[in-house]
Amino acid sequence: MKKGEGKQPKDMDKQVKIGLMGLGTVGAGVYKILKENRQVIFERAGTEFEITKILVRDPAKPRSLQIDTGLLTANPDDILADDDISVVVELIGGIEPAYQYIEAALKNGKHVVTANKAVIAAHGARLIETAAQKGVDLYYEGSVGGGIPIIKPLRESLVGNQIEEIMGIVNGTTNYILTKMSQEGAAFHDVLVDAQKLGYAEAEPADDIEGYDAANKLVILASLAFQTPLSVRQVYCEGITRITPDDIAFADHFGYAVKLLAIAKRRSDGIEARVHPTFLPKDHPLASVNGVFNAIFVKGDAVGELMFYGRGAGDLPTGSAVVADIVDVLRNRKRGAHHRVETLWENVPLRPMEDVATRYYVRLHAQDKPGVLAQVAASFGAEAVSIESMLQQGRGKDQPVPIVFITHEVKEKQMQASLERIGTLPSIKDIANVIRVEGGRPL
Ligand code: NAP
Ligand code: HSE
């Protein structure tokens, strides 16, 4: 008998068998929710389900979760090659081997739920295609914004709109760090250690603090919103490691909060996609999103402005999104309606970063002597950069003093050219930081 012959089709099984890959922060959260809310989830999904295998790196590792250790395995084939398992939930993280496992699961006709933004950002288009060919589901709500529903709204609820803009705080770790720095004057590295202990941070801290995690999430959001495949390499990405207490204090002085934003905008000649620290007016809805909370601000041509807000990381919030996807798969499975969401790819070009226009905050250290300001102003002026506000702090005798500018809107290439000029002035000690300003002027 050939493999699979004489068996009931998988979708006709009474009890759906789920293979969980990963039992770390999110895996444990999913396990807890499925256990605690088993009855309601069962009623809502209309199908019984059971986790029959859990892939971990080290099955012998002590775990705080009460679990039947007989479920644990270090062999991925115990899930991928098990014909009885029809849903795979991938929560191990990183690109490899997670990508291989997801692809193998889809090719074996299994539905996949994942919270892995790195894999979806890098290989989402290919995986969506494989899922379509195989007639199975691939859901990834937990990959952006933790517990916030944002993938489904973009994929389904807002499908009648042309999305014009997405602006989001999509990394809980950096928002937690910036919030603690601005509210408590805490030091960057102490707060990063806190975020790691709380289970918010990625295994590799650079993924959070250098903005790569936010860039992955932006790729996922922008690809869906603009129906255009994007790659993380195309996203301009700058993290928060250069932000100092001085920047936060100057932002406060001018009426702004500092946030790491993931921004995607549709312009007449293409898409902008960028991640960078940003001065936002304190009265902007995103400016009061603090701690590990995330928020995604979306502008559609029909719906207008929307904001999605909630916990962007952590075991139960992210688990909530993953469980919702599992229920969607179970419902689709019950109705025989897999892969019911079509994805059309447009190919809108990406605008080069040098053509992106924003306002800027520039902090530099200069000698405090006659004529210095005029030289700086002339360097800005030579590249058509217009100054909106300026502040010199303190009076330096032998020490350079900080001088801060906020400019009117100008293209990146003009700003960079003016900074090059300023950097060569003998009276300028350094250009300490340059941060883009978005969201209008403070009231
Ligand atoms: P985590 O705490 O590091 O847990 C990873 C789990 O996967 C562990 O159980 C580990 O096994 C297992 N694992 C790792 N590599 C493996 C391998 N090669 N083979 C077999 N098992 C392996 O990770 P997490 O924070 O839960 O994140 C999981 C995924 O969710 C990631 O894609 C992450 O980006 C995403 N996510 C996380 C959050 C969050 O708040 N943490 C929020 C949204 C999305 P051991 O237990 O034996 O070490
Ligand atoms: N490290 C991520 C964050 C986890 O801090 O937002 C959620 O994706």
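If a residue has to be of a type in the set (A, V, I, L, M) and free of Cβ contacts under 8 Å to residues at least 12 places away in the same chain to count, how many in the stretch 408-443 make the cut?
Our first condition is that a residue be of a type in the set (A, V, I, L, M); within the stretch 408-443, this holds for 410, 415, 417, 419, 422, 425, 428, 431-432, 434-435, 437, 443.
In the following step, the residues that additionally are free of Cβ contacts under 8 Å to residues at least 12 places away in the same chain were identified as none.
Residues that pass the stated criteria total 0.
Name the single residue, out of those in the stretch 81-132 being touching a Pro at 6+ places or on another chain (Cβ under 9 Å) and farther than 24 Å from Val16 by Cα, that is nearest to ligand 2 (Cβ to nearest atom).
Gly124
Mind checking which residues of the stretch 234-253 are among the hydrophobic types (A, V, I, L, M, F, W, C), assigned to a helix (DSSP H, G or I), out of contact with any Ser or Thr (no Cβ under 7 Å at 6 or more places or on another chain) and surrounded by fewer than 22 Cβ atoms within 10 Å (Cβ to Cβ)? Walk me through it before giving the result.
Keep residues of the stretch 234-253 that are among the hydrophobic types (A, V, I, L, M, F, W, C), which gives 235, 237, 240, 243, 248-251.
Filter once more, so that each one left must be assigned to a helix (DSSP H, G or I): 248-251.
Retained after the next criterion (residues that are out of contact with any Ser or Thr (no Cβ under 7 Å at 6 or more places or on another chain)): 249-251.
Passing the criteria: only Ala249.
Here is a list: Ala432, Ala357. Which entry is outside the structural domain of Val235 (by TED's automatic domain parsing), farther than 19 Å from Ile248 by Cβ and modelled with pLDDT of 95 or more? Even if it seems obvious, please write down each step before you answer.
On the way: Ala432 fails: farther than 19 Å from Ile248 by Cβ.
One residue alone meets the criteria, Ala357.
Against the conditions (1) more than 16 Å from ligand 1 (Cβ to nearest atom); (2) in contact with a Leu (Cβ under 9 Å, 6 or more places away or on another chain), where does Ile326 fall short? Just the number, please.
Only one criterion is unmet by Ile326, namely (1).
Checking Lys117 against (1) buried (at least 21 other Cβ atoms within 10 Å of the Cβ); (2) of a type outside the set (S, T, N, Q); (3) over 26 Å from the mean Cα position of the chain (by Cα), only one condition comes out false. Which one?
Condition not satisfied by Lys117: (3).
Pairs needed: first member in the stretch 24-40, outside the structural domain of Gly319 (by TED's automatic domain parsing); second member anywhere, more than 9 Å from ligand 1 (Cβ to nearest atom) and at pLDDT below 95; C-beta distance under 9 Å; at least 6 residues apart or different chains.
If the second residue must be more than 9 Å from ligand 1 (Cβ to nearest atom) and at pLDDT below 95, no pairs are left.
Can you tell me which of (1) assigned by TED's automatic domain parsing to the domain that holds Val275; (2) within 16 Å of ligand 2 (Cβ to nearest atom) is the one Asp190 doesn't meet?
The number of the failed condition is (2).
So, in the stretch 87-142, how many residues would count as being modelled with pLDDT of 95 or more, polar (S, T, N, Q) and out of contact with any Ser or Thr (no Cβ under 9 Å at 6 or more places or on another chain)?
Within the stretch 87-142, residues that are modelled with pLDDT of 95 or more, polar (S, T, N, Q) and out of contact with any Ser or Thr (no Cβ under 9 Å at 6 or more places or on another chain) number 2.
Determine whether Lys217 is closer than 17 Å to Ala321 by Cβ, assigned to a helix (DSSP H, G or I) and within 14 Å of ligand 1 (Cβ to nearest atom).
Numbers: closer than 17 Å to Ala321 by Cβ: yes; assigned to a helix (DSSP H, G or I): yes; within 14 Å of ligand 1 (Cβ to nearest atom): yes.
So Lys217 fits the description; yes.
Check whether at least one residue in the stretch 29-40 is within 10 Å of ligand 1 (Cβ to nearest atom) and closer than 23 Å to Asp82 by Cβ, and report yes or no.
Here is the first cut: in the stretch 29-40, the residues within 10 Å of ligand 1 (Cβ to nearest atom) are 29-30.
Still in the running and closer than 23 Å to Asp82 by Cβ: 30.
There is at least one residue in the stretch 29-40 that is within 10 Å of ligand 1 (Cβ to nearest atom) and closer than 23 Å to Asp82 by Cβ.
For Met307, work out the one condition from (1) touching a residue at least 40 places away in the same chain (Cβ under 8 Å); (2) under 25 Å from Ser157 (Cα atoms); (3) away from ligand 1 (no atom under 16 Å from the Cβ) it doesn't fulfil.
(1)
State which residue is farthest from ligand 2 (Cβ to nearest atom) when the search covers only the stretch 294-318 and only residues that are over 17 Å from Glu141 (Cβ atoms) and out of contact with any Asp or Glu (no Cβ under 8 Å at 6 or more places or on another chain). Step through it out loud before you land on a result.
Filtering the stretch 294-318 for residues over 17 Å from Glu141 (Cβ atoms) gives 297, 299-305, 307.
Checking which are out of contact with any Asp or Glu (no Cβ under 8 Å at 6 or more places or on another chain) leaves us with 302-305, 307.
On the way: Ala302: 29, Val303: 26, Gly304: 27, Glu305: 23, Met307: 17 Å.
Going through the qualifying residues, I end up with Ala302.
Among the residues of the stretch 199-212, which ones are exposed (fewer than 15 other Cβ atoms within 10 Å of the Cβ) and either among the hydrophobic types (A, V, I, L, M, F, W, C) or not in a loop (DSSP other than H, G, I, E, B) (or both)? Break it down stepwise before answering.
First pass over the stretch 199-212, keeping only residues exposed (fewer than 15 other Cβ atoms within 10 Å of the Cβ): 203-204, 206.
Listed by number, the residues that qualify are Ala203, Ala206.
What are the residues in the stretch 150-161 that are touching a strand residue (DSSP E or B) at 6+ places or on another chain (Cβ under 7 Å) and surrounded by fewer than 16 Cβ atoms within 10 Å (Cβ to Cβ), if any?
none
Taking the conditions exactly as written (in a helix (DSSP H, G or I), hydrophobic (A, V, I, L, M, F, W, C), within 16 Å of ligand 2 (Cβ to nearest atom) and more than 25 Å from Gly27 (Cβ to Cβ)), does Leu178 satisfy them or not?
Details: in a helix (DSSP H, G or I): yes; hydrophobic (A, V, I, L, M, F, W, C): yes; within 16 Å of ligand 2 (Cβ to nearest atom): yes; more than 25 Å from Gly27 (Cβ to Cβ): yes.
Yes, satisfied.
The values are calculated or read from the model by the stated rules, or taken from the named source; none is laboratory data. The shown structure was predicted, so the numbers you read here are calculated from the model rather than taken from an experiment. A quick note on method: Cβ atoms are made from the backbone with ideal geometry, for glycine too, and the neighbour counts reach across all protein chains shown.
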